[in-house]
1. Over 26 Å between Cα atoms, which of A:33/A:245; A:101/A:152; A:193/B:236; A:37/B:324; B:33/B:94 qualify?
2. Can you list the residues, at least 5 places off or on another chain, whose amide H is less than 5 Å from the amide H of residue B:171, using H built in the peptide plane?
3. Considering only C-alpha atoms, what is the centroid distance from region A:216-279 to region A:290-346, in Å?
4. With the Cα gyration tensor of region A:298-344 in hand, give its eigenvalues times 5 under a square root as the equivalent ellipsoid semi-axes, listed largest first in whole angstrom.
5. What does the copy distance list look like for residue A:286, label position 7 Å along Cα→Cβ, in nm and ordered from shortest?
6. In chain A, what residue has the beta-carbon at the shortest distance from the axis of the rotation relating A to B, and what is that distance in angstrom, rounded to the whole number?
7. Based on the Cβ-Cβ distance from residue A:223 to residue B:250, what FRET efficiency comes out when R0 is 45 Å, to the nearest 0.05?
8. Hey, can you grab everything whose amide H is under 5 Å from the amide H of residue A:260? Only 5+ residues off in sequence or another chain; H modelled, so Pro and N-termini drop out.
Protein chains: 2
Amino acid sequence: MAKRKNIDARNSSKVQDKRKHVPTEQELFNGIKSGNKARLGQAITLIESARPTDAQKAHQLVERCLSQKSPSVRIGITGVPGVGKSTFVETLGKQLIAIGKKVAVLAVDPTSSKNRGSILGDKTRMTELSRDPNAFVRPSPSGKSLGGVAQKTRETIILCEAAAYDVVLVETVGVGQSETAVHGMVDFFLLLKLSGAGDELQGIKRGIIEMADAIVINKADGDNIKRAKLAEVDFKRALQLYPPKENGWLPVVRSCSAIENTGIKEVWEVIETYLNDAIDAGYLDQKRRNQNKYWLLQTIEERLKIDFFYHQEIKAQLEIVTEKVMRNETSPFRAAEELLQLWRGH
Amino acid sequence: MAKRKNIDARNSSKVQDKRKHVPTEQELFNGIKSGNKARLGQAITLIESARPTDAQKAHQLVERCLSQKSPSVRIGITGVPGVGKSTFVETLGKQLIAIGKKVAVLAVDPTSSKNRGSILGDKTRMTELSRDPNAFVRPSPSGKSLGGVAQKTRETIILCEAAAYDVVLVETVGVGQSETAVHGMVDFFLLLKLSGAGDELQGIKRGIIEMADAIVINKADGDNIKRAKLAEVDFKRALQLYPPKENGWLPVVRSCSAIENTGIKEVWEVIETYLNDAIDAGYLDQKRRNQNKYWLLQTIEERLKIDFFYHQEIKAQLEIVTEKVMRNETSPFRAAEELLQLWRGH
C-alpha cells in the first residue's frame, strides 16, 4: 500500500513537472490575453472541471476576464440534427474570418452523450475552421445538468471575449431544453430549417420559432431551391401573424445553401442590421444587462430547487404525496403545503 | 374606546346572528351538492379569503369536493380585450344549456385591478346567462399574486364540479401571465382572435398561439365575413408549420360571430371531437393527472422562491449583488453562489 502510494506520488509529480504542468490562473489569463489557443482550451477545461478545488481558481479567472471589455457579438444557432448546422457554422465562420473577424464556436448539447445529434462530434466537418489561426472551435461540455452546461457555456463566452474573439457562435440541437438557455445568453438567435418542413418539425421544441430573430432555410440548392423559396414565403406569412419582439424587430426569413456558400453573406447582413439597430437604440446593452440579471435569478431558483428536491426525506415524502395527488385523494396545493412545512422544520 | 368596542361587538354579533350567518363547512358542502348557487358562491368566497382562520376550513371543503367524481369538461378561453370574449362565452353557454348542460363560468384576471380589461366586470353583458338556473357566473378573484389567483381558480373548478356543472369555462385576458396557468388547468384551450390581425396582436403574449387547441376568429359578420375567412386560411397555413401537440392533435381554426350566433355550434363540435378522441385514447385522464403533478411542483417552486426572495437580509443583499452583476463586476453565477451561502447559513 505504502509502496504503491509512493510510486503514484512519483509518477504524478513527474507528470506535473514534465508533461502536464498545471498552469496558474495568472498563466491562463496571460495566455488568453495573448491569443494562445492552447491556454484558452485549458482555461475552459478548468471551468468545466467538476473538482471543488478547481472552482475557486475558475471563479477568479472568470472575474478577471469579465473586467476585459470586448465588443463581441454573440449568436445562437439552433436546428434539429440533419439540418446542416456544422456546415453552416463552418461556412459562416470562414466568411467572417475573410472579412477580418476572429471567430469562436461553442456548443451546448446536454443530450450529446445519448448520441442523438452529432453536434461538433463529427470533427471532420469542422477541421478547416478549427485549423484557422483566427478561429477557435470547442465541442460541447460534458456536464450532466442543463443548468451546469449553461453556466459553463456562459462563462466560456466570457473567456473567448477576453481572448478578443469578435464573434461567438453558440450551437445547440433544437430538440431539448438548451435553447431557452442559449437564447438567454446571445444577442441574436437564429433557427436553421429545411424546406421539406413536415418530418423535421416532429422533433423540434414548441416555442422555438417564437424565440428566433431569423429563420434560415438551409440546403436551398439543386432541386431544392424552389421548395426552399416556397418555404421562405410560408414562414414569412406565418411570422406576420405573430407579435413583434420587445425591441420592435420583426423576425426575418432567408434561405441559403451552406454547402454551396450561397445566401450566407445575406444572413450575416441581416445579423449586422439587427445589431446596428440594437446598438443605436441602446437595446443591445440593455439586453445583456437583463440577461445577466436573468442568470443571477435563474441560478438561484435552480439551486433552491436542487436543495429541496434532492433532500432525502423530502424525496421520500414527495413520492408518497405525488401518488395521493395523482389518485385525486388530496389537492396539489394541500400536498405542497405539507411538504413545505416539513422542509421549513429542518 | 371601551364603549366603542362594545358597540362593535354588539353589531357584529347581531350581524352574525341575523343577516350574515356564517355557514359551516358541512352546510357549504351540502349546499354545493344540492345545487344551491348562493352556497357555492359563499364557498368560493371562503376559498378566496386571505384570512388564515379560513384556510383550514377551505382546505377541508376542497378535499371533500375532490372525493366527488364528476365527468366535467374544463375549457380555457383567452383573447385580448375587445375580441368579444364575454359575448362568446354567453352565446356558447346558452347553447350548452339548451342541449341540457350545466355551465359554470370563471375568470382568471390578475390585471383586472389595473382596469386593463373588462373581464366579467361589465356584468350587463352576462346577465342573461347568470340568471339562468343552469349557469353559474363568477367574476375574477381579487388575489394579488398570480400563483394565488391560479390556485383559487383551480380550487373553484373543483367546487363547481362537485356542484355537478358539466362544463366549466375559464376566461382569461391573454395579455398577462395567467394564460400558462389556465392552460395548465383545462382540458381544451381556445384562443379568440379578430380578423384584422395587426393591431390586436401587439398586446398578445408570445407563445400563446402555440398553446391553443383551437383558434377561433370572432366577429365574422357583416362586412367582416370575407376578412375572417381569409384570416382563417392564414392561420391554417401558419399552424401547419408547427409541430403537432403531444397527443397528435393538430390545432383547429374556425370563424364565428358570437353576436349573431353563427359558427358557435361548430366550435363546440370541434371541442367535442377533441374530448372524445382524448377520452378514448386515455389521454384526458393522463393530462389531468399530469396537471395535478404540475400544480404540486409549481406550488412548491413558487413558495421556495417566496421564502428566499422575501427574506429581509437576502432582499438587501440581492439588491447589492444585482447592481454588481449589472455593472459586469461579477459573474451572475458567482453572485448567486454568495447569496445561497448566506441563505443556507440561516
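1. Cα-Cα > 26 Å for A:33/A:245; A:37/B:324; rest within.
2. Residues meeting the criterion, in which the H sits 1.01 Å from N, are B:77, B:106, B:107, B:108.
3. 42 Å
4. In descending order, the three semi-axes are 21, 11, 10 Å.
5. Once sorted, the set of distances for residue A:286 reads 4.4 nm.
6. Output: A:238, 2.
7. So the FRET efficiency works out to roughly 0.95.
8. Hits under the 5 Å cutoff: none.
Rule-based calculations on the coordinates, nothing more; no lab input. The model shown is predicted, which means the values in this text are computed figures rather than measured ones. For neighbour counting, all protein chains shown are included, and Cβ atoms are generated from backbone atoms with ideal geometry for every residue, glycine included.
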